[in-house]
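Note sheet for the following structure.
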Amino acid sequence: MTDVLISGAGVAGPALAWWLRRHGFRPTVVERAPAPRDGGYKVDIRGAALTVVDRMGLREQVSRHDTGMWRTRFVDAGGRQLATMDAALFGGREGDDVEIMRGDLARILIEATGDVEYVYGDSIAALDQSAGGVEVAFERGPNRRFDLVIGADGLHSTVRRLAFGPGSEYLRTLGHHIAIFTVPAEYGEERVELMHAAPGRTVGVYRTAGAPDARALFLCPSPAEEPDHRDVAAQRAALAAAFAGAGWRVPELLAAMADAPDFYFDAMSQVRMDRWSTGRIGLVGDAGYGASPASGQGTSLSLVGAYVLATSLAEAGGDPVAGFATYERRMRPFVAANQQLAERNLKGMVLGSNAQIRFQTLMLRLMPRLPGREGMIRRVTEPIRKAATAITLPPAPGLDTPVAG
Ligand SMILES: Cc1cc2nc3c(=O)[nH]c(=O)nc-3n(C[C@H](O)[C@H](O)[C@H](O)COP(=O)(O)OP(=O)(O)OC[C@H]3O[C@@H](n4cnc5c(N)ncnc54)[C@H](O)[C@@H]3O)c2cc1C
């Protein structure tokens with residue numbers, strides 16, 4: 001049996017474990033966090049990724065955890081409503097598309113992988129594939145040997161750093177930072193996304209259906225001096241500086257960040273690499289081709305990538321190099337199409353001037369009455385739908401009937 005070590009129990013890791021197990025491999029997942037990471041932010045699943053979820057037999061479970069978001073309300077610095085729109089349209093969702101909290105999706109995937117071994121609270125420290133197989137040294141546990149190692153450990157992947165080099169050369173930043181953290185429920189309205197735009201910076205608060213708390217989201221130009229990613233105090237200070245003087249409830253939200261258990265602040269970045277494997281080591285999801293939160297497609301890329309990688313490795317039998325090559329050939333155009341969405345989306349998420357904000361507000365107010373409304377909506381949703389379906393999924397060998405768990 002082929003032993004595969006997967007680094008990271010986010011979205012791509014457990015999805016890959018699910019498919020590898022189905023194909024007769026023996027996956028083990030190592031996750032740096034001490035336990036499955038709950039909550040997070042809301043993410044989208046659409047297009048080919050929904051087909052993958054269907055083939056796993058998990059559609060019903062996933063849909064049951066839909067965020068149930070209803071409206072997006074745009075407010076001015078005094079909190080007065082400027083315009084409102086359907087939340088699905090704001091998120092570029094249509095038809096069966098699902099919006100789910102990242103933690104809910106990860107938990108569903110982890111639970112579905114059944115008897116797969118998960119090792120929490122550890123990380124790969126060194127990889128050596130000089131003597132056939134891969135000798136893995138861990139930060140805590142004893143060394144172990146695997147036939148294959150896959151990095152599903154996100155934007156700042158450790159496997160990528162160890163197998164391909166330092167890392168920064170693979171990260172392409174989009175010029176903006178994003179912060180997100182939990183705030184008390186009273187800051188949000190249930191099933192509503194509140195958005196406030198000022199020139200060059202945007203802030204929002206949302207509370208999903210039945211959620212006991214809300215999430216605050218901030219977008220701003222990247223600070224001239226990037227705070228160290230381990231220095232949370234410096235990150236908080238950078239965010240506070242970026243939003244100094246902002247109106248609406250920004251001062252209260254910034255005050256609440258001191259108590260947030262899950263403060264996140266990072267550059268919006270994409271991962272661009274010439275190849276996603278070296279020998280017996282490969283990458284999947286954000287680790288290999290992160291599209292950035294601005295694309296809205298990172299989660300779908302991870303689900304599809306996990307499926308295509310497992311299928312390609314299974315088809316290749318005992319030849320991982322051939323399996324990785326097939327995986328890349330199938331995924332490259334899909335990844336390129338989805339990464340392309342990010343910059344265009346970002347332009348609509350952070351507006352540069354008061355004139356742009358006024359124009360957007362006017363368009364949103366007029367939209368319900370505009371004669372060309374349908375065409376305008378299609379111009380928003382069509383590029384997303386096209387990118388989300390820009391792959392023909394290979395059939396999964398031996399799996400005509402999907403079975404859950
Ligand atoms: C603020 C924000 C908003 C987003 N919004 C959206 C959205 O609206 N729509 C969308 O589709 N996508 C969105 N995304 C992107 C989406 O979350 C990712 O694309 C998706 O989660 C990628 O899944 P992944 O499994 O590749 O990586 P991740 O979900 O990042 O999971 C990586 C896992 O690896 C673990 N890990 C890291 N280092 C190590 C290590 N050394 N050893 C072991 N484990 C390790 C981490 O703890 C984590 O559990 C957003 C991302 C962010 C940050």
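Nothing in this text is a laboratory measurement; each read-out follows from the coordinates by a stated rule. Computed from a predicted structure; not experimentally measured. Counting neighbours? That spans all protein chains shown, and the Cβs are built from the backbone with ideal geometry, glycine included.
Observations, loosely collected:
- Peptides ranked, highest mean first, by Cβ atoms within 10 Å: ranges 293-299, 191-197, 173-179: 293-299, 191-197, 173-179
- Separation of alpha-carbon centers, the stretch 223-298 and the stretch 63-98, rounded to whole Å: 23 Å
- Calculated SAXS-style log₁₀ I(q)/I(0) at q = 0.13, 0.17, 0.29 Å⁻¹ - the stretch 226-280, Debye, Cα scatterers: -0.47, -0.65, -1.23
- Inter-probe distance in nm under a simple model that places probes 7 Å from Cα toward Cβ, at Arg64 and Ala224: 5.3 nm
- GNM remark for the chain: springs join alpha carbons under 10 Å apart, and the peak mean-square fluctuation among Arg207, Arg160, Arg365 falls on Arg365.
- Size check on the stretch 300-405: the Cα extents along the three principal axes, sorted descending, read 60, 29, 24 Å.
- Full-extension gain in nm, Glu169 to Asp38, via 0.36 nm per residue minus C-alpha separation: 44.1 nm
- Top positive-direction residue, dipole computed over the chain with Cβ charges, set Ser123, Leu283, Leu171: Leu171
- Tensor-based shape of the stretch 341-390 (alpha-carbon gyration tensor, a/c under 1.5 rounded, otherwise prolate or oblate): oblate
- Selection from Gly188, Leu162, Ala336 lying farthest towards where the dipole of the chain points positive, charges on Cβ: Ala336
- For the stretch 336-369, the residues whose backbone nitrogen is under 20 Å from a point 7 Å from the Cα of Gln81, taken along Cα to Cβ, are 358-369.
- Label positions at Ala240 and Val119, each projected 7 Å from the Cα along the C-beta direction, are separated by 4.0 nm.
- Check: the stretch 94-207 dipole with +1 on Lys, Arg Cβ and -1 on Asp, Glu Cβ, in debye: 560 debye
- Extent of the chain along its three principal axes (Cα atoms, max minus min coordinate, largest first): 64, 46, 37 Å.
- Estimated distance in nm for a label pair at Ala316 and Arg144, the labels positioned 7 Å out from Cα along Cα-to-Cβ: 2.2 nm
- Theoretical ellipticity at 222 nm over the chain - DSSP helices of four or more residues, -39500 (n - 2.57) apiece, nearest 500: -10500 deg cm²/dmol
- Hydrodynamic radius of the stretch 117-266 per Kirkwood, over alpha carbon pairs, in Å: 18.2 Å
- Only the Cβ atoms of Lys and Arg (+1) and of Asp and Glu (-1) were treated as charged; on that basis the dipole of the chain about its Cα centre amounts to roughly 1200 debye.
- FRET efficiency, 1/(1 + (r/R0)^6) with R0 56 Å, evaluated for Ala131 and Glu94 via beta carbons: 0.60
- With R₀ set to 30 Å, the beta-carbon distance separating Ile377 from Asp262 gives a calculated FRET efficiency near 0.35.
- Charge tally in the Cβ shell below 12 Å around Arg275, where Lys, Arg are +1 and Asp, Glu are -1, Arg275 excluded: +2
- Given R0 = 56 Å, the distance between the Cβ atoms of Phe359 and Glu186 translates into a calculated FRET efficiency of 0.95.
- Leading residue at positive end of dipole, the stretch 67-213 (Cβ point charges), from Ala77, Ala88, Ala137: Ala77
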